[in-house]
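Novice: Before anything else, here's the structure in question.
The values are calculated or read from the model by the stated rules, or taken from the named source; none is laboratory data. Predicted model, so just to flag it, every value in this text is computed and none were measured. Positions of Cβ are generated from backbone atoms using ideal geometry, with glycine treated the same way; all protein chains shown enter the neighbour counts. All accessible areas refer to the heavy atoms of the entire protein, side chains included, with ligands and DNA or RNA removed. Shrake-Rupley method; radii C 1.70, N 1.55, O 1.52, S 1.80 Å.
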Amino acid sequence: MTKEKKILTLAGDGIGPEVMEQALHILDWVQENSNLSFVVEKDLVGGASIDANGVPLTEEVIAKAKAADAVLFGSVGGPKWDKVGFDKRPEVGIIGLRKELGLFANLRSAIVFDSLIGASTVKPEIIQGLDLMIVRESTGGVYFGEPRGIETLPDGTRKGVNTEVYTSVEIERIARVAFELARQRQNRVCSVEKCNVMESGLLWKEVVTELHQKEYSDVQLSHMLADNCAMQLVRNPKQFDTILTGNLFGDILSDLAAMLTGSLGMLPSATLGARQANGVIPALYEPIHGSAPDIAGQGKANPLAQILSLAMMLRYSFDEQAISEKIVHACEAVLNQGLRTPDIMSDGMKLVGTEEMGRAVLAELKK
């Protein structure tokens, strides 16, 4: 029996529509070659929504996202909207979706394809075979804590305030995601905080340790200070399997890990919420490369991260590991053939554009 799933696609701004188009070609192939059927709805977010609706995220889009089985997201932002108010900037689109859908668990993988080892600035022997996952809490911490803001002091100077806040409930639910995910990988979790100077970090360590002892003692757990983790990611990244951390440190460490692979244009991400009564886990999948407005509309964008985000959607939202792996292998195959978009181009390779790269992946899947 065909299993019909509802997907909301939000291509956004910059290169978002270009790379999303290639991912949707892959989705068409999935429908034709599996027992899955998709109802795909498209809408606006970010700058495109500002231009059309005056706001980066409408109530209608929020409702559609809540009704969907998964959201496939492109990218938002660009200099065109630099002068809009801080509370109406394009990035509010993605932040608002995370909040409205309760998407608290951001998953960012860092995988090094053998054919792209030369694209990294790190020595090949350090990153060859790298496959790590960063599980980042994404709705709490210093980005959302109160009080926050900028105030003028009596002497005329100004003070900026942001507050790092985590509850035991928030820590436990993100830790569960990391432990469960690690069981599907190498069964190792490294929990990262700054318990030596931050009370929120101390609570984080205590809650993670207690949960591990009660429910996940089969998973190997270690702890590491965030600054040391940053150093270790450059020194010996293959020591890690699953890194569990908060919002601020996860933001920094995941970008650091991304550059070990050689290109932000290659990396997908997923952000998950809690399972609902109907069994659906709210989820949003997106590449981490951003809108790249400098190359938008030129056919130069790398679509592989968007395609790999689709593969993550099939794995985590629809439990279709086999099809997900086929897509990943197809992406790896075109790289092995020497095809390169400008962001990953090197000597001796063949330079291709967005559409040609997408067609090559599709051709691999059809073999």
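Novice: Nearest 20 debye, what's the magnitude of the dipole of the range 36-123 about its Cα centre given +1 on Lys and Arg Cβ and -1 on Asp and Glu Cβ?
Specialist: About 280 debye.
Novice: For Trp81, what charge total do you get from the other residues with a beta carbon under 9 Å from its beta carbon, if Lys and Arg give +1 and Asp and Glu give -1?
Specialist: Residues near Trp81 contribute +1 overall.
Novice: Now a separate question. For the range 52-130, what % of the accessible area comes from carbon and sulfur atoms, probe 1.4 Å?
Specialist: 54
Novice: Can you return the lysines within cross-link range of Lys123? Criterion is Cα-Cα under 22 Å, with same-chain partners fewer than 8 residues away left out.
Specialist: Lys238
Novice: Charges only on Cβ, +1 for Lys and Arg, -1 for Asp and Glu: so what's the dipole of the chain about the Cα centre, in debye to the nearest 20?
Specialist: 280
Novice: Take the residue pairs Lys80/Lys300; Lys6/Lys300; Lys159/Lys194; Lys5/Lys42; Lys5/Lys66 and return only those whose Cα atoms are more than 18 Å apart.
Specialist: The pairs that break the limit, which is 18 Å between Cα atoms, are Lys80/Lys300; Lys6/Lys300; Lys159/Lys194.
Novice: Of the options Ala110, Ile15, Gln31, report the single residue whose Cα projects farthest towards the positive end of the charge dipole of the range 1-160 (beta-carbon charges: Lys, Arg +1; Asp, Glu -1).
Specialist: Ala110
Novice: Between Asp347 and Glu325, what length comes free when the chain is fully extended (0.36 nm per residue of separation minus the Cα-Cα distance, one decimal in nm)?
Specialist: Result for the pair: 5.0 nm of gain on full extension.
Novice: Would you mind getting the accessible area per residue of the chain, heavy atoms of the protein chains only, 1.4 Å probe, in Å²?
Specialist: Solvent-accessible surface per residue comes out at 45 Å².
Novice: Beyond 34 Å, how much of the Cα-Cα pair distribution for the chain remains, as a whole percent?
Specialist: 27
Novice: Something else about it: What span do the alpha-carbon atoms of the range 1-128 cover on each of the three principal axes, reported in whole Å from largest to smallest?
Specialist: Computed over the Cα atoms, the extents are 49, 47, 28 Å.
Novice: Tell me, what is the Rg over Rh of the range 297-367, with Rh the Kirkwood radius over Cα pairs?
Specialist: Value, to two decimals: 1.00.
Novice: Need the full-extension length gain, Glu4 to Glu60, defined as separation in residues times 0.36 nm minus the C-alpha distance. One decimal, nm.
Specialist: Between Glu4 and Glu60, full extension yields 18.0 nm more.
Novice: So what's the back-of-envelope 222 nm ellipticity for the chain, counting only DSSP H runs of four-plus at -39500 (n - 2.57) apiece and dividing by all residues, rounded to 500?
Specialist: -12500 deg cm²/dmol
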